[in-house]
Every structure is written in structure tokens, then in C-alpha cells.
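Undergrad: Here's a structure for you.
The values are calculated or read from the model by the stated rules, or taken from the named source; none is laboratory data. All figures in this text were calculated on a predicted structure; none of them were measured in a lab. Cβ sites come from the backbone with ideal geometry, for glycine too, and all protein chains shown count toward neighbours. Only protein heavy atoms, including side chains, enter the accessible area calculation; ligands, DNA and RNA are left aside. Shrake-Rupley method; radii C 1.70, N 1.55, O 1.52, S 1.80 Å.
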Amino acid sequence: MRKRSITLLSDGTLFRRENTLYFENERGRKPLAVEGIYDIYVYGHVSITSQALHFLAQKGIAVHFFNHYGYYDGSFYPRESLNSGDLVIRQAEHYLDRERRLELAKLFVRGSALNMERNLRRWKVNDGFSEELGELLEELEGARKITEVMNVEARIREAYYSRWDGHLPEGFKIVKRTRRPPENEMNALISFLNSRLYATIVSELYNTQLVPTVSYLHEPGERRFSLALDLSEIFKPIVADRLATRLVTRKILSKGHFREELNGVLLTEEGMRKVLSEYENELSKSVKHPELKKNVTKKRLIRLEAYKLIKHLVGIRGYEPLVAWF
């Protein structure tokens, strides 16, 4: 059975009865076949019984929670079943060794930057970005501290945003990247998609032997899966940014799908539904993998990226970040 992600946008209760999960809200009660669930994303005010959580833990199903504004809050992360003491040690070694950590941090930034460049070429708004990027990537190679790597990454992204705006319709310009709260519609859309993508990557990491709290570009910290932040740098341009662009250029979203709140702009519930539907469709699309010589979904590419990182950590093959060919 092919498993799928479940999104709960409305308020209700998730509970277990015998060997079935049910979601009950004002519209009634709906059974959820556990064997067909990959992970669950909760946006509404949902109560989950302890029996339901025990059941989800037994089945290895992660549950991701988002607040009223669509921002990621946290995850119910079941006990890991794919443990590898050797890989934990290798991950820690690569973090503690400055040179090896720097190498990986730079690779994440390089991969992200090259995917940004692919986008601008795709949208025909490159406008000198490649030349500027070349200089910034040279500076990246010379960086000796993680803070210097992050500084270069921020400047690359700023140059990218300024050109991306040239492809966006009036009323949906980024202008300046703002987050909490987003100051306009496009910033709200980007933040919402980035938040969902982060949670998706957390689920993919759960299904590998990687420890999601040990990272290289982003500083490991309490209460966050910082390795998902590292990998999200690769996928934000080719998943979130491309989808955001399509949603506004094809008029799938309009101004009416946003609301003003907290001195900022946020998606309405109907706007969230539209975005999440398109997001799931996007991740389910297949592309021909140049090395595997077969079609894989874009969601599968995230897991494959994690496997590539594992091979790097254990010394099988050096990590090369995914650069979109599609």
C-alpha cells in the first residue's frame, strides 16, 4: 500500500478505537487507515488522545504541529527504529572537526545557490546573477568560519530575491524578505511553504538513520531538528520558491486568499487549503533521475539526499548537493 501524508486543517479530535484512528469534527467522524499513513500535519486545534499517540508511536508515524498562523510549532517524533551507533559517531565527528563541518556547510550553500541560479534562468531574470554568484562562491570557498559561510549565503539570497521580483506580478513582489510577521502576501506565502517543507524533511530524516539534531550549516540547538534546516537550503529554491511563483503567476492565489493580522499578512484558511493541495501535488510529481535511470517523486529526492549525506559521513562517497536538472 502506498502511504500518504494526512493534513488536518479543521478543529477536532484524533482518537483510536480498536485498531483504527478516527478524526472527528463538527462535520462528523472519519476513519483513518493507519497502514496507509506516512505522516500527519496538524494546522487546526486538534486534541489527540493518549491512545492515539501510543498507536502512532507503534506505527512510526510522525505528527507535525503548526500554529494558527501556519508556522511550524513542533513534532511528535516517535522513538527511532532505524538506529546506528556508528552513524551517530560519524555525524558527531563531522560536526566536531572544523574542517569537515565547514566542507559540508559550504556544500549546502553551494547547492542552494546553484538551484537559485537555475530558477532565475528558468524565469529569464538572471540579469548578471551568474557573475555576481561566481564572485560570492569564490568568497565562500575562502570562508574559515561558519558565520562567514552564513554571511555569504545571506548575500546570495538577497541578490536572488531582488531578481526574483522581476518575474513576479504586481501585488506579489517580495520587496524585502520579512518573516514574523511577513509584511506582504509573497513573504507570507514563502514562509508558509518553507515551514511545511521543513516538516516534510523532518519526516524523511525520521525514516533514515541520521540524527536530525546534529547539523553542519545551522548550529545544533535544543528544540529543533537543525539537520532539516541544512537540507532545506537545497530544496527551498526548487520546491517552495518554484511553487510560490506558479501559484501567483498562474493566479491560483489572489489577494483574497490572504488576510491582515498581527501587523502583517497571513494566508486565510482557504488560501492554506489551496497551497497545501498544490504542494502535495508538486511533491508527488516524478522526474527521471540521471543516476538511477528511473522516475522518482520529488519527495523521494529528499530521502535520496539524506542517503547521499550518510554515504559521505561513513566515507563511501563524497557528498554532492542536488542541483536541479528538471
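Undergrad: Regarding L304, is this residue at negative phi and under 18 Å from the mean Cα position of the chain (by Cα)? Steps first, answer last, please.
TA: Values: at negative phi: yes; under 18 Å from the mean Cα position of the chain (by Cα): yes.
Yes.
Undergrad: Let me ask something else about it. Would you mind telling me which numbered condition in (1) over 22 Å from R273 (Cβ atoms); (2) open to solvent by 30 Å² or more (accessible area, probe 1.4 Å); (3) assigned to a loop (DSSP other than H, G, I, E, B) P78 fails?
TA: (2)
Undergrad: So G221 clears everything in (1) without any contact (Cβ under 8 Å) to a residue 60 or more places away in the chain; (2) buried (at least 19 other Cβ atoms within 10 Å of the Cβ) except one condition, right? Which one?
TA: Unmet condition: (2).
Undergrad: Follow-up. So which of A57, A52 ends up being of a type outside the set (D, E, K, R), surrounded by 13 or more Cβ atoms within 10 Å (Cβ to Cβ) and free of Cβ contacts under 8 Å to residues at least 24 places away in the same chain?
TA: A57
Undergrad: Could you please let me know if L227 is surrounded by 22 or more Cβ atoms within 10 Å (Cβ to Cβ), more than 25 Å from R4 (Cβ to Cβ) and among the hydrophobic types (A, V, I, L, M, F, W, C)?
TA: no
Undergrad: Further question on the same structure: If I ask for residues that are β-branched (V, I, T), touching a residue at least 60 places away in the same chain (Cβ under 8 Å) and within 21 Å of L87 (Cα to Cα), which ones from the range 283-326 would you list?
TA: I302, I310, V314, listed by residue number.
Undergrad: Here's something else I'd like to know. For residues in the range 224-277 being hydroxyl-bearing (S, T, Y) and in contact (Cβ under 8 Å) with a residue 24 or more places away in the chain, which is farthest from H167 (Cα to Cα)?
TA: Ranking the qualifying residues of the range 224-277, first place goes to S232.
Undergrad: How many of the residues making up the range 60-74 are closer than 17 Å to N207 by Cα and crowded, with 20+ Cβ neighbours inside 10 Å?
TA: Here the count works out to 4.
Undergrad: Oh, and also: Could you say which residue among R317, R300 is open to solvent by 30 Å² or more (accessible area, probe 1.4 Å) and closer than 21 Å to A240 by Cα?
TA: Details: R317 fails: closer than 21 Å to A240 by Cα.
Answer to the check: R300.
Undergrad: Inside the range 267-296, can you point out the residues that are among the polar types (S, T, N, Q) and in contact with a Lys or Arg (Cβ under 9 Å, 6 or more places away or on another chain)?
TA: If the condition is that a residue be among the polar types (S, T, N, Q) and in contact with a Lys or Arg (Cβ under 9 Å, 6 or more places away or on another chain), then T268, S284, S286, N295 are the ones that fit.
Undergrad: With respect to G271, is the statement that it is farther than 28 Å from R121 by Cβ and either modelled with pLDDT under 95 or loosely packed, with under 13 Cβ neighbours inside 10 Å (or both) true?
TA: The answer is no for G271.
Undergrad: While we're looking at this one, here's another question. Within the range 297-314, how many residues turn out to be in contact with a Lys or Arg (Cβ under 8 Å, 6 or more places away or on another chain) and farther than 20 Å from E117 by Cα?
TA: 5
Undergrad: Within the range 233-256, can you find the residues that are under 15 Å from S191 (Cβ atoms) and open to solvent by 10 Å² or more (accessible area, probe 1.4 Å)?
TA: Passing the criteria: only K236.
Undergrad: Enumerate the pairs (first residue in the range 91-103 and more than 18 Å from E320 (Cβ to Cβ) and in a helix (DSSP H, G or I); second residue anywhere and among the aromatic types (F, W, Y) and open to solvent by less than 60 Å² (accessible area, probe 1.4 Å)) with beta-carbon separation below 8 Å, excluding pairs fewer than 6 apart on the same chain, so at least 6 apart or on different chains.
TA: From the range 91-103, the pairs are Y95/Y216.
Undergrad: Something else: When residues of the range 76-110 are filtered for being among the polar types (S, T, N, Q) and at pLDDT 95 or above, how many remain?
TA: 1
Undergrad: Next up: Here is a list: R155, R144, R121. Which entry is part of a loop (DSSP other than H, G, I, E, B) and open to solvent by 70 Å² or more (accessible area, probe 1.4 Å)?
TA: Result of the check over R155, R144, R121: R144.
Let's see how each residue does on (1) in contact (Cβ under 8 Å) with a residue 60 or more places away in the chain; (2) assigned to a helix (DSSP H, G or I); (3) among the basic types (K, R); (4) open to solvent by less than 30 Å² (accessible area, probe 1.4 Å):
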position: E132; (1), (2), (3), (4): no, yes, no, no
position: E148; (1), (2), (3), (4): no, yes, no, no
position: R163; (1), (2), (3), (4): no, yes, yes, no
position: A188; (1), (2), (3), (4): yes, yes, no, yes
position: T200; (1), (2), (3), (4): yes, yes, no, yes
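Undergrad: Being at pLDDT below 90 and either over 18 Å from the mean Cα position of the chain (by Cα) or at negative phi (or both) is true for just one of Y41, Y69. Which residue is that?
TA: Y69
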